[in-house]
Every structure is written in C-alpha cells, then in structure tokens.
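The values are calculated or read from the model by the stated rules, or taken from the named source; none is laboratory data. Please read these numbers as outputs of a predicted model, since none were measured by experiment. Backbone-built Cβ (ideal geometry, glycine too); neighbour counts: all protein chains shown. Note: accessible area is taken over every heavy atom of the protein model, side chains too, but ligands, DNA and RNA are not part of it. Shrake-Rupley method; radii C 1.70, N 1.55, O 1.52, S 1.80 Å.
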Amino acid sequence: MDTNAIPTPERKKVIFSAIQPSGTITLGNYLGAIKNWVALQDDYRCIFALADLHTITVRQDPAKFRQNALQAYALLMACGIDLEKSLFFIQSHVPTHAELAWVLNCYTQFGELSRMTQFKDKSTTHADNVNAGLFTYPSLMAADILLYQADLVPVGADQKQHLELTRNIAERFNGVYGNTFTVPDPYIPKTGARVMSLQEPTRKMSKSDENVNAWVAVLDKPEDILRKFKRAVTDSEACVRYAEGKDGINNLMGIYAVMTGKSYEEIEREFDGRGYGDFKAAVAESVIAHLRPVQERYAQLIKDKAYLEKCYTESAQAAQRISQRTLDKAMKKIGFIKKAF
Ligand code: TRP
C-alpha cells in the first residue's frame, strides 16, 4: 500500500493532466480533452496545469507566449474548470516541477528518450532547434504527474508513450528506493470525440494546419464557425448516415452528437431526405450555441486580470505544498542532505 498518497477528505482518486498554452485552443482540444476534464471534477481530486515549461522546447515570441498563456488560462476557466473543486495552476509557478524533472532525468535512459515518437517527429519538424529540452520533455512530464501521486492521467493517443515512460520511471525509482511514487494509469474517458480536420477528415483537427478552414477555434466568431462547417469536405452520396468511408460526414455526426446528446440513429432520422447543406448548418448552429456561454465567460474573465492572478496564485501555492512533500521524500531517499531552512 502506498502510505504517501495525498490524503483527501473523500479519498477520491487523484487525476493529473496538463495542456500546453501554445496558441489557439481548437474545438478538437475542447471536445477531446477539456470537456472531459470539466466532467471529472466531481468524482476525482483533479489537479490541472498549464504546461508552459514544455512550451519553450519550441522557440516562443516572448509577448505572444505571455499572452497565449494568460488567454489559455482564462479560456480553460471559461470552459468550466472550477477552483472550488480542482487546482489549476501554471507549471512555471511551481518550482518543484523543474526540480523533480532534473532528478528524474538521472533515472531515465538515453535509449528510452530516443525511442519517443514525438521527439523523433519534432526533431524533423524543428530540425534547426533540436534542443536538450525537447529530448528530456518526457522526464518533465513524468515529474508533473508523479509529484501529485496521481492515480490516473487522461491523455490523448499522442501522449500515451510518454505516460508509459512515466510508469517505467516510477517503477524503476520505487524498485531502487522503495515505494515513493504512485504508478499512474491512463484514464480513458467513457465518451470523447476525436475531432477530425474539416478539410481532410482522415487527419486529426490541428491548429497547425495551414488551411484555417480545417479547424474551428473555441473563440471563433459565429460567422466563421458557420463558414468553416459549410465548407467542410463531405462526399457525393448526399445521405446523412454513419458509415465506413464517409469520414467527413462521420466527423460532423460525431460533433453534432456530442453537442446535442443525440444518437447517430436519431441524427440519421432527423436528416432523412435532407441535403448536406441543411446538416452542415445544423452542426454549425449546435457548435455556436454550445460555445456561446464559454465565449461570454471568457470575455468577462480576460478583462479581470486581478481575478485571474488570484486564481492561478492560490492554485500554485496549494500545488507547491502538495508537490514539495513528494520532492522532499524522493530527495531524502536518494541521500541528499536535508535542507535546514
Ligand atoms: N505534453 C502534454 C501535451 O503536449 C502536456 C502535458 C504536460 C501533460 N505535462 C503533462 C499531459 C502531464 C498529461 C500529464 O499534450
């Protein structure tokens, strides 16, 4: 038994997750990750972070980086992260993350890091800046998770390998020094949409897509959302049904299903005998209606810098207290002299 699990009054399981503030948050991020985080807050002890230390593995413009981080913080709050229930802090405000990352670097093998597919991909896409941080990115991610003795980590397919490595690091450390870290499991959400590009529906929706019609941002204006859905690539069958090979329609049906709570059969019946034009407009309207309150809350929050500062400061202070215990424990086991101040 792990006697060092974080005591919570209800003994809820601990969930940790983080998102990078690297620009626009898309409908794909929202439906694939953020909406699930919001739903987990009642049943789990949720600890969320804005992973800004990870973001500088790719060169950032200082002013834009600062603005992106604050906007991402406000937007996630607007999406429903609730500080009455969860912690939501900025990773760079909690120094234990960088400290434990260094320690874990010394328990992570060069060979393991070399096998990470994200590292291999990014070394190609950012060939002019293959820095050490890009290489050791997974040790920092392991520190994020292990500091909070997280039981579960919701991650998308692209981060699964990093979570697997986190488990290996934790098991290795525990094997040498005795139980120190909770070994986290992946959390697979019951529902969750994998939103595809509106232009190439076999690919995941991504803000790095040069064609802006391929993705919808959570903060897009209603007229832009409508335009993007109207231009969405479909097929020539002109029948709204979920079927293999109908990637464009399947994607739109997936989005509409999450937005309206309707099943695929209900959607098929609703649009029986109607063309794709009607269907695309209905999907766009459902997205616009769903995002409207989020956009309204965001507009309020982003004006209130003092309130945002209070939120991220209080969360960081709480995160610091929790994570320091884990860091101290790990350092003691390794044999560092205990700090006397
Ligand atoms: N690397 C993750 C991403 O880019 C973000 C992240 C950082 C994260 N630390 C984490 C996700 C810890 C889950 C757990 O999506």
Exercise for the section: Would you check if ASP128 is more than 28 Å from LEU31 (Cα to Cα), open to solvent by 20 Å² or more (accessible area, probe 1.4 Å) and charged (D, E, K, R)? Expected result: yes
Problem - Matching option when the condition is open to solvent by 50 Å² or more (accessible area, probe 1.4 Å), of a type in the set (Lys, Arg), at negative phi and over 23 Å from the mean Cα position of the chain (by Cα), among LYS310, LYS339 - result: LYS339
Practice task
Report yes if some residue within the range 213-227 is under 30 Å from ARG297 (Cβ atoms), in contact with a strand residue (DSSP E or B) (Cβ under 6 Å, 6 or more places away or on another chain) and in contact (Cβ under 8 Å) with a residue 40 or more places away in the chain; otherwise report no.
Solution key: yes
Exercise for the section: Quick one: which helices (runs of 4 or more DSSP H) lie wholly within the range 194-284 and hold at least 2 residues that are open to solvent by less than 40 Å² (accessible area, probe 1.4 Å), at negative phi and of a type in the set (S, T, N, Q)? Expected result: 247-260
Exercise for the section: Could you grab the pairs with beta carbons closer than 7 Å, sequence gap of 6+ or different chains, first residue in the range 94-110 and closer than 15 Å to LYS332 by Cα, second one open to solvent by less than 80 Å² (accessible area, probe 1.4 Å) and of a type in the set (Asp, Glu)? Expected result: none
Exercise for the section: Can you confirm whether the range 141-150 contains a residue that is over 23 Å from LEU327 (Cβ atoms) and away from the ligand (no atom under 12 Å from the Cβ)? Expected result: no
Handout entry: Failed criterion for PHE89 (all others in (1) within 11 Å of the ligand (Cβ to nearest atom); (2) touching a strand residue (DSSP E or B) at 6+ places or on another chain (Cβ under 6 Å); (3) of a type outside the set (Ser, Thr, Tyr) hold)
Key = (1)
Exercise for the section: Please name all residue pairs, on different chains or six or more residues apart, with Cβ atoms under 7 Å, provided the first residue is in the range 313-332 and is in contact (Cβ under 8 Å) with a residue 12 or more places away in the chain and the second residue is open to solvent by 30 Å² or more (accessible area, probe 1.4 Å) and part of a helix (DSSP H, G or I). Expected result: ALA316/HIS93; LEU327/GLU99
Completion exercise
Output for Cβ contacts, cut-off 7 Å, separation at least six or different chains, first residue touching a residue at least 12 places away in the same chain (Cβ under 8 Å) and more than 19 Å from SER92 (Cα to Cα) in the range 143-160, second more than 9 Å from the ligand (Cβ to nearest atom) and basic (Lys, Arg), reads ASP151/LYS13; LEU152/LYS13
Practice task
Can you tell me which residue within the range 154-173, out of those that are away from the ligand (no atom under 12 Å from the Cβ) and of a type in the set (A, V, I, L, M), is surrounded by the most Cβ atoms within 10 Å (Cβ to Cβ)?
Solution key: ILE169
Practice task
May I ask you to say which residue of ALA69, ALA101 is under 15 Å from the mean Cα position of the chain (by Cα), in a helix (DSSP H, G or I) and at pLDDT 95 or above?
Solution key: ALA69
